[in-house]
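Each remark here refers to the structure printed beneath this line.
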Amino acid sequence: MEKKKRKISLSSVQRAARDIIWQYRGRLALGLVLLLIGRLCGMILPASTKFLIDEVIGNGRRDLLLWIVIAAGAGAAIQAVSSFSLSVLLGAAAQRSINDLRLKVQRHIGRLPVAYFDDHKSGELISRIMTDAEGVRNLVGTGFVQMIGGSITAVVAFAVLIWLNWRMTLIAVAFLAVFAVVMVLGFTRLRPIFRIRGKLNAELTGRLTESLGGVRVIKAYTAEQHEERVFAEGAGKLVDNVVKSVIGASAMTTLGTFLFGLMALTLGVLGTREVLAGTMTGGDLGMFVVFTFTMVAPLIQMSSISTQITEAFAGLDRIHEVLSVETEDVADAEREAVGTLTGDVAFENVSFAYTEDVEVLEGISFIAPAGTTTALVGPSGAGKSTIIQLVLAFRRPTTGRILVDGRNLERLKLREYRSHLAVVLQDDFLFDGTIAENIGYSRPGASRAELEDAGRLAHCEEFVSGFEDGYDTVI
């Protein structure tokens, strides 16, 4: 069952990657054209080696030298311009795609139930938004286009090599096949490592965010050394993971270098024999060697890009985990409109448990009429805050009903219902800005008179007037 779930997850991630690529298909197509122009122009210089060796040097055709230089120079200039244009075009696209994904993830996370935030550290969620989205640059940036362009370049070079000497080309392909098998096996092992790295990074960021936010508690209990040990342990796990990925990538690179070195040696010996036997000219051999590396170079580059894309897929995998969590207002379309509220609140035999079989509230019933003040009194842990969370619809009752003006709260549109609420929570929280901006947080377009009326209703007028700038005081 677990394997089946994993396959579904990977399929969803692949669809997400496909959608991102499709969204920027125009820029990617143009980038591919620029890349191919650059790669084809880059082949002019290696192709000229045959004419330099056989015609200019071998047959004394000095008149061809100037034309060869002009062609190679023009090819190099066009390659440089196309490379610059490619970087600018896809670099901008990559940054936009990262921003779009961050906005999407942030928007989704902001609408998740409160219970989700209780179970996940804020630093971990920040990592999902800011860090995991970064990998998309390798899908929309030059990485993806270079993989496609590298494949096309390798095919063109392969065709030239077949034309020069098909027997030696097949030997080169055999070495490349071994290299391809190594890459596939290597990336299969690396992807889980990258996925774990994202998780470790998120956990470490979450713990660091917690410790910085709770620095007063830490200092009050002289727990600095404890936090240092916890952070060091998490950082150590992250380093171990990075080292594993570095060792894995280095092992693939080393094996690839060895295979390509062995291939060059083998082709050099066979090519020399072909020249001595008269089946190839010196120019043919020189051109064969250069085009062999023209075919191999993009394949080596593709192996490096594949590592980056593997990491991007791991990041998308983690983002998909968050996006697959249902938002709290997903059922609003099927709920009743709220309309005008009087404010009568009633609990009917309400029970609630944060964890199964451990009830915090059991059979609670009371009525809080509109226009009255209802005080909830009891020791810490008695469930006072839980009742408020139920009234705010941060949580839903395990059993029983909460009625607002005689209507079941669960059947009311969540966002519309909350627009009628004003709340001062037990743990105060203020955003950076002025007192007026904080009071008007839920209504950015409120007038100054409305803000000051709200301040008077909340009994803030007395201490606000004590500040020199009043409601414009920055807090």
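The values are calculated or read from the model by the stated rules, or taken from the named source; none is laboratory data. Everything quoted here is computed from the prediction, not taken from an experiment. Cβ: placed from backbone, ideal geometry, glycine included. Neighbour counts: every protein chain shown. For accessibility, only protein heavy atoms count, side chains too; no ligands or nucleic acids. Shrake-Rupley method; radii C 1.70, N 1.55, O 1.52, S 1.80 Å.
So the values come out like this:
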{"item": "Given (1) at pLDDT 80 or above; (2) within 26 Å of Gly150 (Cβ to Cβ), index of the condition Thr257 fails", "result": "(1)"}
{"item": "Residue check, Leu112 at pLDDT 80 or above and not in a helix (DSSP H, G or I)", "result": "yes"}
{"item": "Qualifying residue in the stretch 120-137 (condition: surrounded by fewer than 22 Cβ atoms within 10 Å (Cβ to Cβ), of a type outside the set (A, V, I, L, M), touching a residue at least 24 places away in the same chain (Cβ under 8 Å) and under 22 Å from Leu299 (Cα atoms))", "result": "yes"}
{"item": "Filter pass, Ala223 being surrounded by 19 or more Cβ atoms within 10 Å (Cβ to Cβ) and modelled with pLDDT under 80", "result": "no"}
{"item": "Looking only at the stretch 331-360, and only at residues there that are more than 18 Å from Leu421 (Cα to Cα), open to solvent by 50 Å² or more (accessible area, probe 1.4 Å) and not in a strand (DSSP E or B), the one that is modelled with the highest pLDDT", "result": "Glu334"}
{"item": "Residues of the stretch 228-249 that turn out to be farther than 28 Å from Val322 by Cα and surrounded by 12 or more Cβ atoms within 10 Å (Cβ to Cβ), as a count", "result": "2"}
{"item": "Filter result (without any contact (Cβ under 8 Å) to a residue 60 or more places away in the chain, touching a strand residue (DSSP E or B) at 6+ places or on another chain (Cβ under 6 Å) and among the hydrophobic types (A, V, I, L, M, F, W, C)) within the stretch 403-427", "result": "Leu403, Leu409"}
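Let's see how each residue does on (1) open to solvent by 40 Å² or more (accessible area, probe 1.4 Å); (2) at pLDDT below 80:
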{"residue": "Phe187", "(1), (2)": "no, yes"}
{"residue": "Ile196", "(1), (2)": "yes, no"}
{"residue": "Lys199", "(1), (2)": "yes, yes"}
{"residue": "Thr205", "(1), (2)": "yes, no"}
